[in-house]
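Comments concern the structure below.
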Amino acid sequence: MLGNLDVERGHKLECSHVGSTLVWQTSLRVAHPADLLYKYAVVDARLNVVKWESGSHTLHLPADLVNDAIVTVTDVWEDDSHPAHLFARSAFRKAILGDHQTPRLAAEGPRPSICEGHALVKFQVRDWQLKEGQQVCVTGGAPGLGSWQLPQSLSLRLTAPSCWEVEVSIPHTSFPLTYKYVIRGADGTLLLEAGENRMMPAPKEGPLPLLVVRNDSFFRHERRWRGAGVAVPVFSLRTEASVGCGDFADLCPLLDFCRNTGLSVVQLLPVNDTSVKGDWRDSYPYSSLCVFALHPLYLCLDRLPGAHASAIQEEVAEARRRLNLPDMDYEQTLAAKLAIARKLFDAAFPQLLSDPAFLEFCAHHEEWLKPYSMFCYFQSFFGTADHTQWGRYSAYDPRATAKFWRPDSESARDMWFCSYLQYHLHCQLSAASAYARERHVVLKGDLPIGVDKCSVDTWLYPNLFHMGTGTGSPPDWFNQDGQNWGFPTYNWEEMAKDDYSWWRRRLAQMARYFQACRRDLGGRKEECSLRVFRVDHIIGFFRIWEIPGDCWSGMMGHFRPCIPIARAELEAKGIWDFHRHVGHKEVELEEPYVTLALLTAELGDVLAAEAASAFFEPSYGDRLRFREEYASEVVLRTLTVPEGMSGLAVSAWPRIHETLLLMRRNVLLLRDPEDPQKLYPRFDLTKTTSFAALDNVAWAEELAWQHDDYFYRRQEELWRAQGHRTLPALLSSSDMLMCGEDLGFTPACVRPIMEELGILALRIQRMPSSQEEFGDPADYPYMCVASPSSHDTTTTRAWYEEDAPRRQRYYAQVLGGEGPAPASCTPEIMRAIAQQHVDSPAVLAIFPIQDIIALETWDRVRPASEETINAPSNPEHYWRYRMHLTLRELDCPRLQATVQGLLLSSGRCLAGDLPRLMVEE
């Protein structure tokens, strides 16, 4: 009758306006008794589903309805953008709002009979925020609803998680009926919902209904929940017990600080294993060796079995003293932890293989754990993680590698060591996560957009990646030349064949670690609580910036997927000869435009002549073409001074090197390496000297139009469809709350789709989406995360102090200061900035740990320039920042009082939520 959820066989609804509300309605005849399952969808003219509503509906038609009875059903459209859906996520249900148990489901009671002159009205409303002892009631202008007397309100029963309903007989004479829902507390307190009265109209004509169903969506709370949190990498934490960097056990004192101050979120950087290159470059946390494995860097040695033996304690203490440095020494810290862990493993190995908890963990995670352990062994054996260099083992084959698992082999022992590390990392992070839940604090994870080319995942699933390409971003706020992260781009077409299984398993793994039940060493089950995750570069799920294998800078990339410019398009516009002479110049549209005059302008006559001779060969006229051995940007980037160059050239090599890279990027169009008939405009091609050399005005105008069309217009529908395919696969993998990092060069379709899917956006005040210089937190939407800075920017203190004219504008325009701005970011300035963010409508205000520290005056102050976590302009930045204060020093009454004051004044926490209120000393 309703098409069995096939929209082509469903019922089309007609729309009309009732006040400011758009009402869609239809009528149909239904046989009874019946139970109907139905769902609403928005479709286009061809009946393609644009979007489904969130959830579905059921309708029970009782047997005692007379024939030809009128049934009126009113539903409220819901999709995932509704803010109330936030509270359905486990982050709120099981952690932040978990002060008490949720209300228990109620048994179904007797239903009022249907009688003449009355309508059986079924009220339904939802609310995820109620606690044990609270219940929902309804009051209104009918005797059965208490006639607006709140103490006589009619109680609803909980029939499903968050769903409250009741049936009551209402005389037809009471229509039109106004009503509202009420929350009754365990102590008898009554809270009337906000907003105008709800209205149940009387039929304008025809017979009156005998059954009325009102599905009223969510209870309307007067105050939306808003919270705050702190962002910090695990490696940046410092405690008296830390060995070289923070570890998973160090999260516990940070969680205590959050609980004491009212912060409800701890945002982390990725914690996956990144041990690809075997040196400090692996400190980059977004280049995963395996998206399922945790990093041994975060192992707490003190919590390993056997660690309390005196010899091990002495070794740990010595490493702790040696590595207690201002910044993390990545290589020495990891080496020390692995060496001590290996000693403990070797001592425990005979008993380990009979440990039920360890074996259960290995069996449960075998799909990724066994290949990961094998990969780590081969990486050590061959001396490289580049699996293309492993000969017969370059492709993963469980049969060919089975011999390495022989119980008596040294290789098996090494691989069991990898499993041992992952097991204890899992136990330690799970313990920290359970500790967070006990304190009603959420750990917010981070999902990197890419994986390293030399990774377990590319070894296992090479068909899912375009291995000959790199991933990055076009020029943006972070880097004017763009970025190249080095990750292979995804083969989305191949991923779609199994409904994005790899992504689903990846998210399920996050949920398994931080949300599902685990079994600890004693066999007792505990539930963990990382229920929020941040998606790094969420734009990559709409389109990714792909960089050819012979290029390095982000400037030389193009979008995937995209609609390229066909060569025929340009020919149809008159650009028919890509090698033609324009005026007296030869303008090669697809190759770097280099002339001796351009080199001379950059280097001077002598150096230009020597560079032209060494690196170029003549082309047409005064054109120069890179010699074949220097044609690759990757080669040029690592180029050292060739033999035979003059002493002058050797001394000026940095200038020459920079000029060569500049000339390599001086191109208008980029060829598709797979199809020469497809072209891509180079980003900002109108700013190149190649473009300036175009004498043909029509060519110049057409190329400029094609550039703007490619980057800002022609891809939008394609990317919109791509986002609708990929993001729901992530969202359906778990009930974790998703936040998307949507900064940088953002397509117009990204934020509307994020809003539609209920994904929180990110707002950084110094990077506004408008044309203004600074964002105004007061204008932020509710469904976003507000932050004054991030790990990809300088700290707020450094940003404020580094540019005097900008500081003065910010001080006057944003902070409302008068006179000259203070030269340093004093605690008073930082508090004013923090106050703006906590006062914003954003559901979350998250502050980097450096900004939290800057709220108070300390005896020891670290230079702001040393507190930067990442410098996106440097592709080989060393990620090593550590707090200069220990967490015990941070958890002091003065700072607690400051943070509490900010959160209490803004309503981001209530006095009753705090274990104790601090006072100013």
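Given labels modelled 7 Å from the Cα in the Cβ direction, how far is it in nm from LEU648 to VAL73?
Taking the simple label geometry, LEU648 and VAL73 are separated by 8.7 nm.
Give me the lysines in straight-line cross-link reach of LYS337: C-alpha distance below 23 Å, same-chain residues under 8 apart excluded.
Those lysines meeting the cut-off are LYS277, LYS370.
So for segment 62-218, if I pair up every lysine 8 or more residues apart or on another chain, how many of those pairs have alpha-carbons under 25 Å apart? Working shown, then result.
Values: LYS94/LYS131; LYS122/LYS131; LYS122/LYS180; LYS122/LYS204; LYS131/LYS180; LYS180/LYS204.
Pairs that pass both the separation and distance tests number 6.
If you wrap a convex hull around the Cα atoms of segment 546-715, how much volume per residue is inside, in Å³? Before the final figure, lay out each step's value.
Values: hull volume 18.9 nm³, N = 170.
Enclosed volume per residue, from the Cα hull, is 111 Å³.
Output the DSSP H helices from the chain with an along-axis C-alpha extent of no less than 24 Å and a mean Kyte-Doolittle hydropathy no less than -1.0.
On the way: long enough: 330-352 (32 Å, 0.27); 410-438 (42 Å, -0.37).
Span-like helices, by this rule, are 330-352, 410-438.
Along the charge dipole of the chain, which of HIS426, LEU210, HIS707 sits closest to the positive end, that is, farthest toward it, with unit charges on the beta carbon of Lys, Arg, Asp and Glu (+1, +1, -1, -1)?
Result: LEU210, furthest along the dipole toward the positive end.
Can you order the peptides 558-565, 295-302 by their average number of other Cβ atoms within 10 Å per residue, highest first?
Details: 558-565: 19.4, 295-302: 21.8.
The packing order, highest mean first, is 295-302, 558-565.
Might you report the magnitude of the Cβ-based charge dipole of the chain about its Cα centre, with Lys and Arg at +1 and Asp and Glu at -1, to the nearest 20 debye? Let's see the in-between values first.
Details: 93 positive and 120 negative charges, 459 e Å.
For this selection, approximately 2200 debye.
How much length, in nm to one decimal, is gained on full extension between ALA597 and GLN677, taken as 0.36 nm per residue of separation minus their Cα-Cα distance?
Residue separation times 0.36 nm, minus the Cα-Cα distance, leaves 25.7 nm.
If you plug each phi of segment 843-848 into the Karplus form 6.51 cos²θ - 1.76 cosθ + 1.60 with θ = phi - 60°, what whole-Hz ³J(HN,Hα) values come out, in order, with x for Gly and Pro?
5, 10, 10, 10, 10, x
Given charges of +1 on the Cβ of Lys and Arg and -1 on the Cβ of Asp and Glu, with all other atoms neutral, how large is the dipole of segment 62-218 about its Cα centre, in debye to the nearest 20? Please report the intermediate quantities before stating the final value.
Values: 14 positive and 18 negative charges, 82 e Å.
In total the dipole reaches around 400 debye.
Stick to Cα atoms and the Kirkwood definition of Rh, then tell me Rg/Rh for the chain. Before the final figure, lay out the partial values.
Values: Rg = 31.7 Å, Rh = 31.5 Å.
Dividing the radius of gyration by the Kirkwood radius yields 1.01.
For ALA241 and GLU116, what does the FRET efficiency come to when R0 = 56 Å and r is the distance between their Cβ atoms, rounded to the nearest 0.05? Mind dumping the intermediate values first?
Working: r = 77 Å, r/R0 = 1.37.
With R0 = 56 Å, the Cβ-Cβ based efficiency is 0.15.
So what's the back-of-envelope 222 nm ellipticity for the chain, counting only DSSP H runs of four-plus at -39500 (n - 2.57) apiece and dividing by all residues, rounded to 500?
On the way: 26 runs with 274 residues, N = 921.
Counting only the DSSP helices, I get -9000 deg cm²/dmol.
Tell me which of LEU607, LEU679, GLY647 sits at the most positive position along the dipole axis of segment 546-715, charges placed on C-beta atoms (Lys, Arg +1; Asp, Glu -1).
LEU679
Could you tell me what fraction of 2.2 N^0.38 Å the Cα radius of gyration of segment 62-218 comes to, as a two-decimal ratio? All intermediate terms of the calculation are to be shown ahead of the outcome.
Numbers: Rg = 16.4 Å, N = 157, 2.2 N^0.38 = 15.0 Å.
For segment 62-218, the normalised Cα radius of gyration comes out at 1.09.
Suppose R0 equals 35 Å; then what is the FRET efficiency for THR388 and ARG342 from their Cβ-Cβ distance, rounded to the nearest 0.05? Could the numbers behind the result be given before it?
Values: r = 29 Å, r/R0 = 0.82.
Taking R0 as 35 Å, the efficiency between THR388 and ARG342 is 0.75.
Lys and Arg at +1, Asp and Glu at -1: add these up for the other residues within a Cβ distance under 14 Å of THR794 and post the number.
Working: positive: ARG766, ARG797, ARG806, ARG807, ARG862; negative: ASP792, GLU801, GLU802, ASP803, ASP851, GLU866, GLU867.
Residues close to THR794 contribute a combined charge of -2.
Could you calculate the contour length gain from GLU629 to GLU367, that is, 0.36 nm times the residue separation minus the distance between their Cα atoms, to one decimal place in nm? All intermediate terms of the calculation are to be shown ahead of the outcome.
Working: separation 262, 0.36 × 262 = 94.32 nm, distance 4.37 nm.
Here the segment from GLU629 to GLU367 would lengthen by 90.0 nm.
Work out how much length TRP477 to GLN351 would gain on full extension: take 0.36 nm times their residue separation and subtract the Cα-Cα distance, in nm to one decimal. Walk me through the numbers before you get to the answer.
Working: separation 126, 0.36 × 126 = 45.36 nm, distance 5.43 nm.
Extending this stretch completely gives an extra 39.9 nm.
Provide the FRET efficiency to the nearest 0.05 for the ALA402-SER310 pair, computing r from the beta carbons and using R0 = 45 Å.
On the way: r = 41 Å, r/R0 = 0.91.
Step by step, r from the Cβ atoms, then E = 0.65.
LYS39: which lysines have alpha carbons under 18 Å from its alpha carbon, excluding same-chain residues fewer than 8 sequence positions away?
Qualifying lysines at Cα under 18 Å: LYS12, LYS51.
If packing is taken as the mean number of other Cβ atoms within 10 Å per residue, what is the order of 247-259, 131-143, 53-65, highest first? Could you put the intermediate results ahead of the total?
Details: 247-259: 22.5, 131-143: 19.1, 53-65: 14.2.
Final packing ranking: 247-259, 131-143, 53-65.
Just to confirm a number: summing +1 for Lys and Arg and -1 for Asp and Glu over residues other than TYR330 whose beta-carbon lies under 12 angstrom from that of TYR330, what do you get?
On the way: positive: LYS277, ARG281, LYS337, ARG880, ARG882; negative: ASP279, ASP282, ASP327, ASP329, GLU331.
Combined, the nearby Lys, Arg, Asp and Glu give 0.
Checking the cross-link filter: which aspartates and glutamates have an alpha carbon closer than 19 Å to that of LYS403, excluding same-chain neighbours under 8 positions apart?
Excluding near neighbours in sequence, the set is GLU366, GLU367, ASP414.
Between LEU2 and GLU318, with labels modelled 7 Å along Cα→Cβ, what's the label distance in nm to one decimal, could you check?
Roughly 7.2 nm, to one decimal.
Each value in this text was obtained by applying a stated rule to the coordinates, not by laboratory testing. The model shown is predicted, which means the values in this text are computed figures rather than measured ones. Quick reminder, even Gly has a Cβ in these numbers, built from the backbone with ideal geometry, and neighbours come from all protein chains shown.
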